[in-house]
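The values are calculated or read from the model by the stated rules, or taken from the named source; none is laboratory data. In this text, all values refer to a predicted model and were calculated from it rather than measured experimentally. Quick reminder, even Gly has a Cβ in these numbers, built from the backbone with ideal geometry, and neighbours come from all protein chains shown. Only protein heavy atoms, including side chains, enter the accessible area calculation; ligands, DNA and RNA are left aside. Shrake-Rupley method; radii C 1.70, N 1.55, O 1.52, S 1.80 Å.
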Amino acid sequence: MKGNIGTPFFTGFPVDPALDWQMSRAEKYCLIDLMNHLKPEVAIEIGTYKGGSLQVIQHFSNEVYSIDISPAPKKFLEPKFPHVHFIVGEGDKLVHELFTRIDQEGKKLGFVLVDGDHTCAGVQRDLHAILSYPHKHPFVILLHDSFNPQCRKGISTIPYKNYPAVEYVELDYITGSFWHNDTYREMWGGLAMIRVNPGNQQPLHILASQGHLYRRAFWGSTHLIKDRLSFLGPWKKALYRMLGKPYRTDIYDEF
Ligand SMILES: C[S@@+](CC[C@H](N)C(=O)[O-])C[C@H]1O[C@@H](n2cnc3c(N)ncnc32)[C@H](O)[C@@H]1O
């Protein structure tokens, strides 16, 4: 089943195989169980894509806002999930407005999935936007692709001391993968978890429980060179063609 990574995947959750779900098997199990545990009143997803993760989030939440920069997810998924609020735009520019709306309606935000812009700056923008709001209730943030060096840097370089409500950060809540799906020595996947608790009094410890694995993989990865050449981005397609390599915009396939 091309596109639906992590198959075969056995679970009691009624997974729709028609919805491409861009997560590994471990990440899928985690999301299902975490959502079943949290059962949030309101959840927000940044990065809808083809609705894979959304099918789980909407199943366990009373209300969901799913944001994507592309209008395609709204167009294709609205008929399937009529109760989800699909929003087209950039996550970091939209979340404050949503938080305010949720507060004004007297509801509680319980969960945010960050899986949109995967650049270091993009992850930082999303996190700053989420953490800089004066939240009234505790909630959980999951960030996908925390094993990817750019995403990981985006998560780990946030000055958390400026956000005292952050009580827990674990970069490797679920470990990611190295060199899968023909991505030639690339690192992807992984889920980071951040717990926000406005009543937090404890000092924050930032955990990276698979830091050794991450560093081992990094020194054998193409990110060492590739990420430094990211300024060549606009010419990437032509470069791949010159080298006779297929240019893939979709880094995920089958785990
Ligand atoms: C990796 S996919 C999301 C996968 C999905 N969460 C899942 O598990 O199946 C990333 C999505 O984020 C969207 N995206 C990229 N940058 C964004 C941004 N700044 N704000 C919102 N969405 C963004 C892309 O259009 C794409 O659909």
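Some notes on this structure:
- Computed on segment 153-229, the Cα convex hull volume stands at 94 Å³ per residue.
- For Leu207, the residues 5 or more places off, or on other chains, whose built amide H falls under 5 Å of its own are Val169, Glu170, Leu171.
- Segment 1-68 versus segment 183-213: alpha-carbon centroid distance in Å: 20 Å
- Relative contact order computed over the chain (Cα-Cα under 8 Å; 6+ residues apart), in percent: 17 percent
- Stretchable slack from Ala121 to Leu213, in nm (0.36 nm times residue separation minus alpha-carbon distance): 30.7 nm
- Lys153 accessible area, assembled protein chains, probe 1.4 Å, Å²: 110 Å²
- Three-way shape call for segment 75-152 based on the alpha-carbon gyration tensor, with the a/c threshold at 1.5: oblate
- Accessible surface for the chain, divided over its residues, is 51 Å² per residue with a 1.4 Å probe.
- Dipole of the chain, positive end: most advanced residue of Pro40, Asn200, Ile69 [Cβ charges, Cα centre]: Ile69
- Estimated vicinal HN-Hα couplings, Hz - segment 170-182 in sequence order (Karplus 6.51, -1.76, 1.60; Gly, Pro = x): 10, 5, 10, 4, 10, 6, x, 10, 10, 6, 10, 6, 6
- For segment 152-164, Karplus couplings with θ = phi - 60° (6.51, -1.76, 1.60), whole Hz, Gly/Pro x: 4, 4, x, 6, 7, 9, 5, x, 4, 5, 6, 10, x
- Cα gyration tensor category, rounded, prolate or oblate, for segment 148-198 with a/c compared to 1.5: prolate
- If you sort Arg125, Arg241 by accessible surface, 1.4 Å probe, largest first, the order is Arg241, Arg125.
- Ordering Leu213, Tyr184, Phe60 by the projection of their Cα atoms onto the charge dipole of segment 25-243, which places +1 on the Cβ of Lys and Arg and -1 on the Cβ of Asp and Glu, puts Tyr184 at the extreme positive end.
- Only protein heavy atoms count here; under a 1.4 Å probe, Leu213 has an accessible surface of about 80 Å².
- Amide proton proximity set for Asn148, modelled H, under 5 Å, gap of 5+: Gly189
- With all protein chains in place and ligands, DNA and RNA left out, the 1.4 Å accessible area ranks Val15, Val140 as Val15, Val140, largest first.
- Förster-model FRET efficiency, 25 Å R0, Tyr240 and Leu38, C-beta, rounded to 0.05: 0.05
- Each principal axis of the Cα cloud of the chain was evaluated for its coordinate range; sorted largest first, these ranges are 56, 44, 35 Å.
- The figure for His137 is an accessible area of roughly 60 square angstrom, using a 1.4 Å probe on the protein chains alone.
- Unit charges on C-beta of K, R, D, E only; dipole of the chain, Debye: 700 debye
- Carbon plus sulfur fraction of accessible area for the chain, probe 1.4 Å, in percent: 57 percent
- With Cα atoms, 0 to 90° folded angle of helix 25-38 axis to the chain main axis: 10 degrees
- Other-chain or far-sequence residues with amide H under 5 Å of Gly89's (modelled H): Asp68, Ile69, Ser70
- Listed by chain and number, the lysines placed with their C-alpha closer than 22 angstrom to that of Lys226 are Lys153, Lys236, Lys237, Lys245; residues fewer than eight positions away on the same chain are left out.
- Taking label points 7 Å from Cα along the Cα-to-Cβ direction, Glu78 and Glu105 give a separation of 1.7 nm.
- Within the chain, helix-based [θ] at 222 nm, where runs of 4 or more DSSP H residues each add -39,500 (n - 2.57), nearest 500: -9500 deg cm²/dmol
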